[in-house]
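The values are calculated or read from the model by the stated rules, or taken from the named source; none is laboratory data. What you see is a predicted model, and the numbers here were worked out from it, not measured in a lab. Ideal geometry is used to build each Cβ from the backbone, glycine not excepted, and the neighbour counts take in all protein chains shown. Just so you know, the surface numbers come from the protein's heavy atoms only, side chains and all, with ligands and any DNA or RNA stripped out. Shrake-Rupley method; radii C 1.70, N 1.55, O 1.52, S 1.80 Å.
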Amino acid sequence: MTATTTPTPPSPTTPSAASRTAPRGRAALEAWVQEIAALTEPDQVLWCDGSEREKEDLLAQMVADGSLIPLDAERRPGSYLARSTPADVARLEGRTFICSAREEDAGPTNNWRDPVQARRELEEDFAGSMRGRTMYVMPFSMGALDSDLARIGVQITDSPYVVVSSAIMTRMGSAALERIGEDTPWVPAVHSVGMPLVDAAGAPIPDVPWPSNEHKTIAHFPETREIWSYGSGYGGNALLAKKCFALRIASVLGREEGWLAEHMLLIRATPPSGRPLHIAAAFPSACGKTNFAMMTPSLPGWTVETLGDDITWMRPDADGRLRAINPEAGFFGVAPGTGWSTNPAAMETIERDTIFTNVALTADGDVWWEGATPEPPEGLVDWQGREWDPAAGTPAAHPNGRFTVSAAQCPRIAPDWEDPDGVPLDAIIVGGRRATNVPLVAEARDWAEGVFFGATVASEQTAAAEGPVGELRIDPFAMLPFSGYDMAHAWEHWLEIGEQLGESAPRIFRVNWFRKGEDGSYLWPGFGENSRVIEWISRRLAGEAETVDTPIGLLPRPEDLDVEGLDLEEGVLAELFAVDPAAWSAEAVQLREHFARFGDRVPEALRARLDALSDVGTAPPS
Ligand code: GTP
Ligand code: SPV
Ligand code: MN
């Protein structure tokens, strides 16, 4: 555990390694806990052991104080509903900061703060912020406890909701604490909802069901591997092991140590006869990772097993293959759109022992959201606790309403999902939510083109983050909100890993389930039917399927995609694979602006691909 990888020599752009280290060992941990307690002034400090008993006690306490609503014990055993305040419903990208010593290390896509100044302001925010509350100390492991790829963190929080959620999402408690040996590095993460129960003069402040502060800051210090989050109790803002550690801090660690931390699901897909394939796929937030990860393949004889639904850590192994693990232990999934017809495995997963946030409550003590059933039941209470009027035009569940549930409960979970060695990857998929332009599937001619696919992922914005839903934004490798350093350096890192892997590198594909026809409806049925795309990928890997060579990659020949039984209307397949040169020329202009933000740090191999793409408008597809 916590075995270090052989570090790759730092590239010239990597700042000196001397200043780059996390705290190590138990003594440093105890000192840090005391220091944070002195700063935040909680009533008591509680070290979490991760036991069932601890979880039960916290749940009972939250039910008693009204911050959790227990669901009907028969319809949804062991499950609860939390309602946030309307101002705390999604990740806050505008209030998320990378506080690297040098501004350029954060890159043009991150909000940068000077670490000294950020620290000073955070200390002001956190001073006395836990007065009247309990400060919980949660040691946790990202990755199975005995995996070489796993890393340890310790989160401090004053939110019991965050404790029970982290107990689901990570390996949290005594076992993780025991892994902290004398010299073990651990990532310190401090979180406060920013609502003390006693004011500076000692007068009590009444608590509320969802405490938060209108001033919110989520700050990362890549050099010292620290995370500080203030003012929000929601998702990635508060469960610091997830996006803050496993992506933003881990991406920095990965670059220095020769591995990758990515916003990817992880599956094993097995054909009726033949070798299982391991696939990791990067889609932006709310663009289908959980659904793809738990897919029920429509193709007879195929199985898909879930290994992870949001984050994948990957490292070249001794045999030169790219090995992948899911560092998480649970799913924090989007509820709206999850239904028996689209994702039955998720529906089964959340039948019990689940914490729901910002979904609707039914009259009989169950939960509901848009897409759970075709018709809403009578007598719903909406996510804000108000009687819901279907005619009012507002959704009953918040579009970013979520479920938090242990991965072990998923009927599709691979029996070996906690294997410390992880799985060797055969294919990597990238994709976004694109109404136009991007075909259902394309294969990259080589690793560099695959990295280009990744570096140019674009997607229509969803409700997972604050901001205008529907607007197209370029979201490289689905990591725009999650990279802890300059993304151009991340692409360079990808290219280097590819070189290291050589012939054993997984093949890279780009997909788009969301292309729309002229009437505005989706052309492709999606969900379980996406297995047809996996089937084509598997034949490509086996050297069995032909392709059409186009300037935007290798497309399937129409006859090579298995659409038997799909009942696609005449012309739909052609629309799904149509390459419109004018539209791609326009896209190339947008991509050029995107690359320009990164100046000369964009690797030459990627510029060359863009130049080739810019010619699409003039050159006919070969
Ligand atoms: P995060 O947890 O935010 O990272 O999201 P995610 O990438 O896991 O997305 P998720 O699988 O939860 O899907 C988000 C939304 O996309 C849901 O409303 C789904 O119903 C919808 N969706 C997922 N897959 C498909 C698909 O193949 N086709 C269509 N049309 N919609 C899909
Ligand atoms: C995402 O937005 O990609 C999520 C939800 O997985 S959160 O944990 O809030 O980032
Ligand atoms: Mn995600």
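For this structure, a couple of remarks:
- Verdict on E544 being assigned to a helix (DSSP H, G or I), without any contact (Cβ under 8 Å) to a residue 40 or more places away in the chain, exposed (fewer than 15 other Cβ atoms within 10 Å of the Cβ) and over 28 Å from the mean Cα position of the chain (by Cα): no
- Residues in the range 255-295 that are within 12 Å of ligand 1 (Cβ to nearest atom) and among the hydroxyl-bearing types (S, T, Y): S285, T290.
- Test: residue in the range 488-504 that is in a loop (DSSP other than H, G, I, E, B), more than 23 Å from L541 (Cα to Cα), out of contact with any Cys (no Cβ under 8 Å at 6 or more places or on another chain) and among the aromatic types (F, W, Y): no
- Matching residues, the range 354-372, being open to solvent by less than 60 Å² (accessible area, probe 1.4 Å), away from ligand 2 (no atom under 16 Å from the Cβ) and either over 19 Å from I69 (Cβ atoms) or not β-branched (V, I, T) (or both): A360, L361, G365, D366, W368, E370, G371, A372
- All positions within the range 212-227 that are assigned to a loop (DSSP other than H, G, I, E, B) and surrounded by fewer than 24 Cβ atoms within 10 Å (Cβ to Cβ): S212, N213, E214, H215, K216, E223, T224
- At least 2 residues being within 24 Å of the chain's Cα centre (by Cα), touching a residue at least 12 places away in the same chain (Cβ under 8 Å) and closer than 24 Å to M347 by Cα is the threshold, and among the strands (runs of 3 or more DSSP E) wholly inside the range 378-454 those reaching it are 402-406.
- Subset of the range 547-564 that is within 19 Å of P300 (Cα to Cα) and touching a residue at least 24 places away in the same chain (Cβ under 8 Å) - its residue that is farthest from ligand 2 (Cβ to nearest atom): D560
- Yes/no for A280 being over 14 Å from S129 (Cα atoms), in contact with a Phe, Trp or Tyr (Cβ under 9 Å, 6 or more places away or on another chain) and not charged (D, E, K, R): no
- Residue that is surrounded by the fewest Cβ atoms within 10 Å (Cβ to Cβ) [pool: residues in the range 434-458 that are under 30 Å from A397 (Cα atoms) and out of contact with any Leu (no Cβ under 7 Å at 6 or more places or on another chain)]: T436
- Given (1) in a loop (DSSP other than H, G, I, E, B); (2) within 16 Å of ligand 3 (Cβ to nearest atom); (3) of a type outside the set (A, V, I, L, M), index of the condition D353 fails: (2)
- In the range 381-402, the qualifying residues are those that are away from ligand 1 (no atom under 16 Å from the Cβ) and either buried (at least 18 other Cβ atoms within 10 Å of the Cβ) or of a type in the set (S, T, Y) (or both), and the one that is farthest from A82 (Cα to Cα) is T394.
Yes/no matrix, rows are residues, columns are (1) open to solvent by 10 Å² or more (accessible area, probe 1.4 Å); (2) of a type in the set (V, I, T); (3) farther than 26 Å from A27 by Cβ; (4) part of a strand (DSSP E or B):
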residue: E104; (1), (2), (3), (4): yes, no, yes, no
residue: T109; (1), (2), (3), (4): yes, yes, yes, no
residue: E121; (1), (2), (3), (4): yes, no, yes, no
residue: D125; (1), (2), (3), (4): yes, no, yes, no
residue: S141; (1), (2), (3), (4): no, no, no, yes
residue: D146; (1), (2), (3), (4): yes, no, no, no
residue: A175; (1), (2), (3), (4): yes, no, no, no
residue: M195; (1), (2), (3), (4): yes, no, yes, no
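- From the options A281, A269, residue that is closer than 30 Å to L299 by Cα and more than 14 Å from ligand 2 (Cβ to nearest atom): A269
- In this structure, F477 qualifies as within 16 Å of ligand 2 (Cβ to nearest atom), in contact with a Gly (Cβ under 6 Å, 6 or more places away or on another chain) and not in a strand (DSSP E or B).
- Some residue of the range 225-236 being basic (K, R), within 16 Å of ligand 3 (Cβ to nearest atom) and in contact (Cβ under 8 Å) with a residue 24 or more places away in the chain: no
- Single condition F482 does not satisfy, out of (1) within 16 Å of ligand 2 (Cβ to nearest atom); (2) open to solvent by less than 20 Å² (accessible area, probe 1.4 Å); (3) not in a loop (DSSP other than H, G, I, E, B): (3)
- Considering only residues in the range 273-299 that are in contact with a strand residue (DSSP E or B) (Cβ under 7 Å, 6 or more places away or on another chain) and among the polar types (S, T, N, Q), the one that is nearest to ligand 3 (Cβ to nearest atom) turns out to be S285.
- Meets criteria (out of contact with any strand residue (DSSP E or B) (no Cβ under 6 Å at 6 or more places or on another chain), among the charged types (D, E, K, R) and farther than 24 Å from D353 by Cβ) for D146: yes
- Of the residues screened, P525 is not one that is more than 30 Å from G320 (Cβ to Cβ), surrounded by fewer than 24 Cβ atoms within 10 Å (Cβ to Cβ) and within 16 Å of ligand 2 (Cβ to nearest atom).
- Residue match in the range 113-131 (condition: in contact (Cβ under 8 Å) with a residue 12 or more places away in the chain and at positive phi): yes
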